[in-house]
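Have a look at the structure below, then the notes.
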Amino acid sequence: MAASLLRPMGPSRPQPIDRTRTMSESPPLIDPGTRKQRLRQARDSAAVTLARLQTQHPTAHCELDHSSPFELLVAVVLSAQTTDVAVNKATPRLFARYPDAPAMAKATPQEIEPFVASLGFFRAKSKAIVGLARSLVTLHRGNVPRSLDALIQLPGVGRKTANVVLGVAFGCPAGIVVDTHVSRVSQRLGWTRQTDPTRIESDISQLFSADLWDRASHTIVIHGRRCCEARNPRCSECSVNDLCPSAFDAVRIGRKRPTLRTK
Ligand code: SF4
């Protein structure tokens with residue numbers, strides 16, 4: 001069980017950020033012993049790390065626009081391989097025409113396609129959301145179920161999508177949402193050495209109490225998008241650069257072909 005976020009532990013202050021340093025200058029040297037020590041302490045320091053990240057990103061939340069669990073579920077499915085901004089541009093017209101599962105279940109994928117044509121893989125996604133709507137009607141009277149087991153039985157719905165819906169729409173996530181950002185950031189922070197999303201979810205979920213899972217998920221996602229970027233981690237601007245075992249040497253860690261630190 002995670003330590004309370006109200007109780008600071010471990011090193012309490014980040015290194016001062018030198019905002020005068022330019023991109024052409026070398027990053028600060030962190031000796032291997034310090035990195036090893038940070039890696040050993042990473043999971044024990046997770047509560048402090050998360051609290052700082054929440055302070056750095058106080059408005060982190062699900063950025064997919066929706067007004068019902070059904071709309072959120074469809075938006076998450078549509079967000080695969082594209083941005084939330086792109087999905088938010090497409091969904092108002094889609095949801096105005098097909099506001100719930102029974103309405104969408106009556107449509108054909110070809111009828112859906114013009115509404116999502118601005119998104120990548122729009123033909124496959126049209127087919128997926130129609131199949132999803134039909135399953136909701138057949139299995140759940142058109143309603144979105146509130147359990148992980150029921151959600152992941154639906155076509156095109158995995159643990160990531162299910163945990164977003166459970167956390168955001170119902171306030172009862174079954175674990176941390178693991179997308180590409182959470183996967184990368186959690187490896188860099190030393191919270192996991194796993195690369196399989198289900199194992200990463202298990203490792204991170206053990207660090208925090210269940211009531212923190214939803215906010216933690218959005219905080220880590222936003223940190224990955226805005227600070228700990230895959231190709232350009234902004235370690236000098238990061239609030240946890242004194243705790244992170246990968247600080248100033250992160251670019252190879254947590255990418256799609258990860259090179260995990262072994263020493
Ligand atoms: S790798 Fe850099 S940006 Fe990412 S969490 Fe660590 S210190 Fe922050």
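What follows draws every value from the coordinates through simple rules; no lab data is involved. Please read these numbers as outputs of a predicted model, since none were measured by experiment. Glycine gets a Cβ as well: all are built from the backbone with ideal geometry, and neighbour counts include every protein chain shown.
Things to note:
- A Förster radius of 30 Å combined with the Cβ-Cβ distance from Ser68 to Ser202 puts the calculated FRET efficiency at roughly 0.50.
- Over the chain: helical MRE at 222 nm, DSSP H runs n ≥ 4 each giving -39500 (n - 2.57), nearest 500: -14500 deg cm²/dmol
- Distance in nm between pseudo-label sites at Thr180 and Gln81 (7 Å out along the Cβ direction from Cα): 1.1
- Residue order, fewest to most surrounding Cβ atoms within 10 angstrom, among Cys227, Cys235: Cys227, Cys235
- Cα-based helix-to-principal-axis angle, 46-56 vs the chain, degrees rounded to 10: 70
- Taking Cβ atoms as reference points and 11 Å as the exclusive limit, the residues near Ser217 contribute a net charge of -1, counting Lys and Arg as +1 and Asp and Glu as -1.
- Calculated FRET efficiency for the pair Arg193/Gln37, C-beta based, R₀ 22 Å, to 0.05: 0.85
- 13 Å cut-off, amide nitrogen to a point 7 angstrom out along Glu237 Cα→Cβ, residues in region 39-61: 57
- Top positive-direction residue, dipole computed over the chain with Cβ charges, set Ser186, Thr59, Phe95: Ser186
- Unit charges on C-beta of K, R, D, E only; dipole of region 69-168, Debye: 100
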